[in-house]
1. Being closer than 13 Å to Leu6 by Cα and either touching a residue at least 60 places away in the same chain (Cβ under 8 Å) or of a type in the set (A, V, I, L, M, F, W, C) (or both) is the filter here, so list the residues in the stretch 19-70 that pass it.
2. Select from the stretch 14-30 the residues that are of a type outside the set (S, T, N, Q) and in a loop (DSSP other than H, G, I, E, B) and write down the one among them that is least open to solvent (accessible area, probe 1.4 Å).
3. Say we look at the stretch 31-48 and pick out the residues that are in contact with a strand residue (DSSP E or B) (Cβ under 7 Å, 6 or more places away or on another chain) and in a strand (DSSP E or B); which of these is most open to solvent (accessible area, probe 1.4 Å)?
4. Here are some conditions: (1) under 14 Å from the mean Cα position of the chain (by Cα); (2) on the phi > 0 side of the Ramachandran plot. Ser57 meets all but one. Which one does it not meet?
5. Check off (1) in a loop (DSSP other than H, G, I, E, B); (2) open to solvent by less than 90 Å² (accessible area, probe 1.4 Å); (3) of a type outside the set (S, T, N, Q) for Ala11 and give me the number that stays unchecked.
Amino acid sequence: MFTPLLTVPEAAAALHLTEITVRRATLDGRIPVVRLGRVVRITPATLERIAAEGLPSRPRTDAELAMGKA
């Protein structure tokens with residue numbers, strides 16, 4: 001059976017987040033994606049997990065850690 005994949009705008013709307021937040025989270029690996037060439041899609045199972053557990057924190061960069069930012 002075919003599972004529909006969601007676009008970033010569809011995922012953002014479902015999670016009540018902005019598109020830029022979802023795009024940044026896909027780029028830094030907090031939201032796993034399916035790539036079809038240059039096209040990025042998100043599975044419904046991923047959305048369900050994020051809705052239940054929340055979006056993981058963004059990993060801190062070395063520069064942020066050196067400056068003492070938490």
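1. Those that are closer than 13 Å to Leu6 by Cα and either touching a residue at least 60 places away in the same chain (Cβ under 8 Å) or of a type in the set (A, V, I, L, M, F, W, C) (or both): Val22, Ile31, Val33, Val34, Leu36, Val39, Val40, Ile42, Ala45, Leu47.
2. Among those residues, the one meeting the criterion is Arg30.
3. That would be Arg41.
4. (2)
5. Only one criterion in (1) in a loop (DSSP other than H, G, I, E, B); (2) open to solvent by less than 90 Å² (accessible area, probe 1.4 Å); (3) of a type outside the set (S, T, N, Q) is unmet by Ala11, namely (1).
The values are calculated or read from the model by the stated rules, or taken from the named source; none is laboratory data. Just so it is clear, the structure is predicted and the values come from calculations on it, not from any experiment. With ideal geometry, Cβ positions are generated from the backbone for all residues, glycine too; neighbour counts draw on all protein chains shown. All accessible areas refer to the heavy atoms of the entire protein, side chains included, with ligands and DNA or RNA removed. Shrake-Rupley method; radii C 1.70, N 1.55, O 1.52, S 1.80 Å.
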